[in-house]
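The values are calculated or read from the model by the stated rules, or taken from the named source; none is laboratory data. As the structure is a computational prediction, the values presented were derived from the model and not from experiment. Every residue, glycine among them, receives a Cβ derived from its backbone with ideal geometry; neighbour counts consider all protein chains shown.
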Amino acid sequence: MLNVATSAADTLVLASGEADYTPSLVSFAWIMAAALLAPLVSFMLKNKMPAVALLILFGMILGPSVLDLAHEDPGIGMLKELGVGALFLLAGFEIDLATLKSKQAVTGFSTWFICMVACLVGAYFLLDDIPSAIVMAIALTSTALGTITPMLKQDKLLGTKVGNSVVIHGAIGEVAPITAMALLLGTRSTLTTMLILLAFIIIAVVVAVMPRALIVAVPWLKTAFLSGAGSTNQTILRLIILILAILMAVTSVFELDIVLGAFAAGIILNRIIPDEFHKRLETRLDVVCYSMLIPVFFVVSGMAIDWHVIANSPLKVIGIPALILVTRGLPVFLRENIHHTGSDIETTRERLQVALYAATGLPIIVAVMTIAVSSKIVDTETASIFVAGGALTVVLFPLLSSLVKGKQENEPAEPKPQPESKQKKADH
């Protein structure tokens with residue numbers, strides 16, 4: 001039974017006094033229908049088109065520009081943010097800090113930096129405007145590690161030489177553009193932004209050491225956590241979600257991109273969880289994240305794409321993936337061919353796979369265009385073209401990578417020797 005509360009906004013409330021969430025629930029039902037349909041259609045197409053690409057496509061169809069069946073209201077928006085957090089938590093969980101100190105990571109960063117500077121200079125000469133040039137350079141040089149991680153899993157590339165190389169390029173292509181956004185596009189001074197980033201790093205380190213410190217100070221906590229891990233209490237998963245929530249909240253309060261907090265949470269978990277529990281924990285996280293939160297993010301991202309912009313400017317939209325391939329994918333491919341990067345990748349096919357995945361970008365493009373529109377650096381039409389083009393990279397480049405791979409099996413990467421401290425921990 002419903003009661004109508006008389007107010008200026010004529011807000012409909014339930015008998016319990018809560019606001020009416022019917023529009024959100026209807027949108028959520030359509031979104032979850034798309035989430036279920038995408039893998040079924042992908043299977044029907046013999047996995048030639050990744051489920052992630054279909055989620056984005058179905059989102060556009062459900063959204064305001066086509067069928068107008070689902071909308072991103074505050075309730076759905078919150079689910080989308082949690083989906084972003086879950087996506088980058090899992091992406092960060094794949095990162096071993098030791099690999100970020102390797103020769104391959106140094107080469108990957110220098111490749112990104114060269115791409116960024118070249119795009120910045122080129123965009124400035126074309127646009128004659130520094131803020132616009134910065135926006136374009138960031139949008140054209142990002143890599144959607146969180147977006148491509150599920151595709152790497154689907155193609156069984158994680159743990160291979162190609163997969164490891166993509167993860168390193170992806171980590172750099174996520175964190176470096178986010179940092180550039182904070183330093184170059186923020187309303188605060190560069191010094192203030194650097195101090196805020198330093199404060200975030202300090203908080204992340206405190207969050208990382210806190211669980212172990214508490215267990216040392218209160219020994220029975222370890223027993224309590226382990227005894228509740230497999231029951232309805234799910235203590236370990238709740239701890240993980242708490243760490244994710246804290247770091248996402250900190251980045252939000254500091255007005256940084258929440259992707260940074262979620263990514264840091266994943267790296268922290270990779271570091272503090274013993275190696276022998278990684279596989280079991282990853283399986284549980286996959287169930288929690290891939291069943292609802294992550295599909296919601298992709299579908300809602302698709303809902304934001306304006307079909308009319310694509311229809312009115314198809315060549316511009318198609319041109320964005322080509323431009324990203326030249327500015328991000330081609331340098332990665334050339335660097336792998338002419339320089340010993342430490343990836344141990346030997347075949348041209350594998351180098352093409354890495355380049356195509358490295359050129360796949362969407363979340364950072366969405367983030368930088370959102371900031372650019374709100375700051376009136378670019379107009380909404382330009383932003384829509386870039387977002388639609390970014391979505392096309394998610395659709396096209398992983399598909400092309402699968403075609404390049406063919407039926408060949410990618411070689412597994414050689415296991416890296418464990419650090420002595422971790423080895424001792426595993427022996428206990």
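The residue that is surrounded by the fewest Cβ atoms within 10 Å (Cβ to Cβ), counting only those in segment 53-96 that are over 13 Å from the mean Cα position of the chain (by Cα) and among the acidic types (Asp, Glu), is 68. The set of residues in segment 206-248 being surrounded by 11 or more Cβ atoms within 10 Å (Cβ to Cβ) and part of a loop (DSSP other than H, G, I, E, B) consists of 229, 230, 233, 234. Is it the case that segment 252-273 has a residue that's modelled with pLDDT under 90 and at positive phi? Yes. Taken as a whole, segment 329-348 holds no residue that is among the small types (Gly, Ala, Ser), modelled with pLDDT under 90, within 30 Å of residue 67 (Cα to Cα) and out of contact with any Phe, Trp or Tyr (no Cβ under 7 Å at 6 or more places or on another chain). I need a count of the residues in segment 351-368 that are surrounded by fewer than 24 Cβ atoms within 10 Å (Cβ to Cβ) and at pLDDT 85 or above. Qualifying residue count, segment 351-368: 2.
Cβ-Cβ distance below 8 Å, separation of 6 or more or different chains: which pairs start in segment 176-199 with a residue that is in contact (Cβ under 8 Å) with a residue 24 or more places away in the chain and under 23 Å from residue 365 (Cβ atoms) and end on one that is charged (D, E, K, R) and surrounded by 13 or more Cβ atoms within 10 Å (Cβ to Cβ)? Hits for this filter: 178/257; 181/257; 182/257.
The condition of being closer than 16 Å to residue 296 by Cα and touching a Cys at 6+ places or on another chain (Cβ under 9 Å) holds for only one of 79, 89, 62, that being 89. For segment 368-399, the set of residues classified as outside any helix (DSSP H, G or I) and either touching a helix residue (DSSP H, G or I) at 6+ places or on another chain (Cβ under 7 Å) or under 24 Å from residue 294 (Cβ atoms) (or both) consists of 377, 378, listed by residue number. Quick one: in segment 260-283, which of the residues that are among the charged types (D, E, K, R) and free of Cβ contacts under 8 Å to residues at least 12 places away in the same chain is surrounded by the fewest Cβ atoms within 10 Å (Cβ to Cβ)? It comes out as 279.
For segment 369-385, residues that are surrounded by 21 or more Cβ atoms within 10 Å (Cβ to Cβ), hydrophobic (A, V, I, L, M, F, W, C) and out of contact with any Leu (no Cβ under 9 Å at 6 or more places or on another chain) total 4.
Checking each residue in segment 346-381 for being of a type in the set (S, T, N, Q) and over 22 Å from the mean Cα position of the chain (by Cα) picks out 347, 348, 375, 380.
Output the residues belonging to segment 255-292 that are among the charged types (D, E, K, R), touching a helix residue (DSSP H, G or I) at 6+ places or on another chain (Cβ under 9 Å) and part of a helix (DSSP H, G or I). 271, 275, 276, 282, 284, 286 - these are the residues of segment 255-292 that are among the charged types (D, E, K, R), touching a helix residue (DSSP H, G or I) at 6+ places or on another chain (Cβ under 9 Å) and part of a helix (DSSP H, G or I). The residues of segment 329-383 that are free of Cβ contacts under 8 Å to residues at least 60 places away in the same chain and under 18 Å from residue 306 (Cα atoms), listed by number, are 370, 373, 374, 379, 380, 382, 383. Would you confirm whether or not segment 285-296 contains a residue that is touching a Gly at 6+ places or on another chain (Cβ under 9 Å), touching a residue at least 12 places away in the same chain (Cβ under 8 Å) and closer than 30 Å to residue 379 by Cβ? Looking through segment 285-296, at least one residue is touching a Gly at 6+ places or on another chain (Cβ under 9 Å), touching a residue at least 12 places away in the same chain (Cβ under 8 Å) and closer than 30 Å to residue 379 by Cβ.
When residue 186 is tested against (1) closer than 30 Å to residue 39 by Cβ; (2) in contact with an Asp or Glu (Cβ under 8 Å, 6 or more places away or on another chain); (3) not in a helix (DSSP H, G or I), exactly one condition is not met: (1).
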